[in-house]
Amino acid sequence: MTAEPCTAAEVVRDHLARSVASLREQEAMVRSGEEHGVHSMRIAARRLRTALRTCQPLIEVRTDVLADELRWLGRALSGARDAQVLRERLRHLLSTQSPELVMGPVEVLVDDELSAAEQRGRAQALEALGSARYLRLLDGLDALVRDLPTTEEADGLPCDVLPGLVRRDARRLRRAVRDAGSAGPGEAHDVALHNARKKAKRLRYAGEMAVPTLGEPAEELASAAKLVQQALGEHQDAVMSRRFLREQGARMHVAGMNGFTLGRLHALEEAHAAAAVDDFEHALRRVRAQKIW
């Protein structure tokens, strides 16, 4: 039976080691062509990068370079997943429309454009995984985990140290929410909400890391932060969908085709984005009610 970690340093080391192992496992799924492999590896890279950021106060060396390289990896993996999500979203939206409201070859246009984008994204992902840059990233992560240099604070008990890390990420979310509240309408507000989503995701991951030590309070905070993340994720998906629909609508107009359906879908996505903001505000109240917050 494995002994429970007795210092915060052990918690961090174990969490990072498991995160690196997960990244390698998902890499194998991508290389084998598993349908959701790219998405899973992207999440693994994001979780690992977030862990480095959250745990930085307990790590004696800077991890910025590794975190930046994980961001590069995430971006290399993003093209395929973003296209897949958008194609599935628009397919579903089109399926809810009455036949008389679908004018022109909209379904074919959406499928052709986004299927091609997904294939380009998969090729980009495989190219990244075959690069020397990626191998250097793995070597750097392995070296860090193998001999993790920690601060004096990390020698403390997990129950004394981890709440500070979680609260640090909670403060980041509070600032991002304030920025979103003061942002102007339109694109500035969309960007601010997207940033708040990232901070909510970071808080969620920090809470999940702390669950074995802090128990129910950390679990409830992580669950509440996930609701904020999901609401703002729906908002961002609607933003990206509207951007695609506008671009394709302009192309159809130039080609002399009927863009009515794309305009209708654009309007529906505007309504979806507004509803997502309402969901975000409701979810945020739940986060604010948490003890660790």
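With the condition kept exactly as written, say whether any residue in the range 145-152 is assigned to a helix (DSSP H, G or I), over 28 Å from GLN236 (Cβ atoms) and not acidic (Asp, Glu). Yes, the range 145-152 has at least one match. When every residue of the range 11-22 is checked against the conditions, none turns out to be touching a helix residue (DSSP H, G or I) at 6+ places or on another chain (Cβ under 9 Å), closer than 26 Å to LEU114 by Cβ and among the charged types (D, E, K, R). Is it the case that SER241 is in a helix (DSSP H, G or I), of a type in the set (Ser, Thr, Tyr) and either closer than 29 Å to VAL102 by Cα or open to solvent by less than 10 Å² (accessible area, probe 1.4 Å) (or both)? Answer is yes for this residue.
Close Cβ contacts (under 9 Å, 6 or more residues apart or on different chains) running from residues in the range 22-34 that are without any contact (Cβ under 8 Å) to a residue 40 or more places away in the chain to residues that are hydroxyl-bearing (Ser, Thr, Tyr) comprise SER22/SER40; GLU25/SER40; GLN26/SER40; MET29/SER40; GLU34/SER40. Scan the range 85-115 for residues that are closer than 19 Å to ASP237 by Cα, of a type in the set (Gly, Ala, Ser) and either surrounded by 18 or more Cβ atoms within 10 Å (Cβ to Cβ) or free of Cβ contacts under 8 Å to residues at least 12 places away in the same chain (or both) and the total you get is 1. Taken over the range 267-277, the residue count meeting the criterion of being open to solvent by 60 Å² or more (accessible area, probe 1.4 Å) and within 11 Å of GLU234 (Cβ to Cβ) is 1. Out of the residues in the range 278-288 that are out of contact with any Asp or Glu (no Cβ under 9 Å at 6 or more places or on another chain) and open to solvent by less than 80 Å² (accessible area, probe 1.4 Å), which is nearest to PRO99 (Cα to Cα)? For the range 278-288, the residue satisfying everything is ALA283. If the condition is being in a loop (DSSP other than H, G, I, E, B), out of contact with any Gly (no Cβ under 7 Å at 6 or more places or on another chain) and touching a residue at least 12 places away in the same chain (Cβ under 8 Å), then the range 256-293 contributes ALA289, GLN290, LYS291, ILE292, TRP293. Scanning the range 240-293 for residues that are among the charged types (D, E, K, R) and closer than 15 Å to VAL110 by Cβ turns up ARG242, ARG243, ARG246, GLU247, ARG251, ARG264, GLU269. Restricting the range 244-266 to residues that are under 28 Å from the mean Cα position of the chain (by Cα) and over 21 Å from GLU100 (Cβ atoms) leaves a set whose member that is surrounded by the fewest Cβ atoms within 10 Å (Cβ to Cβ) is GLU247. Of the candidates GLU34, GLU25, the single residue that is more than 24 Å from PHE244 (Cβ to Cβ) and exposed (fewer than 14 other Cβ atoms within 10 Å of the Cβ) is GLU25. Per the conditions (1) farther than 28 Å from ALA267 by Cβ; (2) of a type outside the set (D, E, K, R); (3) open to solvent by 60 Å² or more (accessible area, probe 1.4 Å), the sole criterion not satisfied by GLN56 is (3). Answer yes or no as to whether ASP179 is open to solvent by 50 Å² or more (accessible area, probe 1.4 Å), at pLDDT 95 or above and within 15 Å of CYS55 (Cβ to Cβ). For ASP179, the condition - open to solvent by 50 Å² or more (accessible area, probe 1.4 Å), at pLDDT 95 or above and within 15 Å of CYS55 (Cβ to Cβ) - is not met.
Which residues, taken from the range 219-233, are within 18 Å of ALA271 (Cβ to Cβ) and small (Gly, Ala, Ser)? Within the range 219-233, ALA231, GLY233 meet the criteria.
Do we find a residue being surrounded by fewer than 17 Cβ atoms within 10 Å (Cβ to Cβ), more than 30 Å from SER115 (Cβ to Cβ), at pLDDT 95 or above and under 16 Å from the mean Cα position of the chain (by Cα) anywhere in the range 68-81? The answer is yes, given that some residue of the range 68-81 is surrounded by fewer than 17 Cβ atoms within 10 Å (Cβ to Cβ), more than 30 Å from SER115 (Cβ to Cβ), at pLDDT 95 or above and under 16 Å from the mean Cα position of the chain (by Cα). Being without any contact (Cβ under 8 Å) to a residue 60 or more places away in the chain and assigned to a helix (DSSP H, G or I) is the filter; apply it to the range 213-226 and report the residue that is surrounded by the fewest Cβ atoms within 10 Å (Cβ to Cβ). Of everything passing the filter in the range 213-226, GLU216 is surrounded by the fewest Cβ atoms within 10 Å (Cβ to Cβ). Listed by first and then second residue, the pairs linking a residue in the range 227-242 that is among the basic types (Lys, Arg) to a residue that is open to solvent by less than 20 Å² (accessible area, probe 1.4 Å) and assigned to a helix (DSSP H, G or I), with Cβ atoms under 7 Å apart and 6 or more places separating them unless they lie on different chains, are ARG242/GLU269.
The values are calculated or read from the model by the stated rules, or taken from the named source; none is laboratory data. All values reported here derive from a predicted model rather than from experimental measurement. All Cβ positions, glycine included, derive from the backbone under ideal geometry; neighbour counts span all protein chains shown. The protein model used for the area step is the full one, side chains on, heavy atoms only, and it has no ligands, DNA or RNA in it. Shrake-Rupley method; radii C 1.70, N 1.55, O 1.52, S 1.80 Å.
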